[in-house]
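Data first, discussion second: the structure below is written as structure tokens.
The values are calculated or read from the model by the stated rules, or taken from the named source; none is laboratory data. Because the structure is a prediction, the values reported are computed rather than measured. Don't worry about glycine lacking a Cβ; one is built from the backbone with ideal geometry, like all the others, and counts go over all protein chains shown. Protein only, heavy atoms only, side chains kept; ligands, DNA and RNA dropped before computing areas. Shrake-Rupley method; radii C 1.70, N 1.55, O 1.52, S 1.80 Å.
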Amino acid sequence: GQPALADPAWVYSPNGYDLTVDTPANDLSSDIRAGVIFSRHRETQERLGVPVIVGEWGALSLGDGVRRHGEFLMDLFDTYGWSWTYWVWEPGFASSEAAATLTRPRPVAFAGTAESWSVRDGGLVATWIGDDGEQPSVFFVPETGEPRRVTVLCDGVEVEAAQQGPWILIDPAPGRFELSVER
């Protein structure tokens with residue numbers, strides 16, 4: 001296979017779909033089959049030594065019953081530390097179960113080096129090693145009309161976080177950061 005890439009400007013952008021995609025059985029997509037596909041992409045990423053942005057995946061249709069599989073895949077991508085895009089152009093998609101599934105908390109930018117992040121009960125947990133800089137760490141947490149509790153620790157000491165609508169901003173600084181957003 002392709003050896004590790006010496007040029008740090010590369011990114012690996014795999015695609016992956018379960019065999020039920022674009023069929024009437026789309027709501028029966030297999031987490032196991034899709035998980036195997038993306039575990040192979042993970043092996044390729046590790047061999048290449050580059051970041052990943054999943055280019056195409058899913059597919060989440062306009063029908064009901066797609067949330068479980070979509071959440072499985074996004075949780076897997078979070079575990080791997082991957083970014084993703086989702087491409088769709090269907091009338092009515094914006095009000096579908098699929099669109100609601102895709103609208104979930106996400107890190108947007110870390111002022112430092114990301115360690116991990118995951119969605120839990122509609123909230124977000126993230127850790128990173130912070131650096132000095134001019135730009136904040138930025139997280140997206142969709143507004144639901146319910147209050148949210150945001151806690152940020154830097155080396156175990158609570159620090160401030162600015163909340164601007166669905167955006168949470170944390171000033172850059174050295175140290176180990178822990179963010180917890182509870183719904």
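The figures follow:
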| quantity | calculated |
| --- | --- |
| Test: residue in the stretch 95-107 that is of a type in the set (D, E, K, R) and part of a loop (DSSP other than H, G, I, E, B) | yes |
| Sole residue being assigned to a strand (DSSP E or B), buried (at least 17 other Cβ atoms within 10 Å of the Cβ) and touching a residue at least 40 places away in the same chain (Cβ under 8 Å), chosen from Val119, Val152 | Val119 |
| Members of the stretch 1-54 that are of a type in the set (Gly, Ala, Ser) and part of a helix (DSSP H, G or I) | Ala34, Gly35, Ser39 |
| Residue selected from the stretch 101-142 under the condition closer than 26 Å to Leu62 by Cα and of a type in the set (D, E, K, R), by the criterion nearest to the chain's Cα centre (by Cα) | Arg106 |
| Exclusive hit being open to solvent by less than 30 Å² (accessible area, probe 1.4 Å), of a type in the set (A, V, I, L, M, F, W, C) and modelled with pLDDT of 95 or more, set Val108, Val125, Val52, Val66 | Val52 |
| Near pairs, Cβ below 9 angstrom, 6+ apart or cross-chain, from the stretch 85-112 (touching a residue at least 60 places away in the same chain (Cβ under 8 Å) and closer than 20 Å to Leu73 by Cα) to any residue that is β-branched (Val, Ile, Thr) and assigned to a loop (DSSP other than H, G, I, E, B) | Pro105/Val141 |
| Residue tally, condition of a type outside the set (Gly, Ala, Ser), open to solvent by 30 Å² or more (accessible area, probe 1.4 Å) and assigned to a strand (DSSP E or B), over the stretch 155-183 | 9 |
| Residue ID - nearest to Thr101 (Cα to Cα), chosen from residues in the stretch 139-149 that are in contact with a strand residue (DSSP E or B) (Cβ under 7 Å, 6 or more places away or on another chain) and open to solvent by 30 Å² or more (accessible area, probe 1.4 Å) | Phe140 |
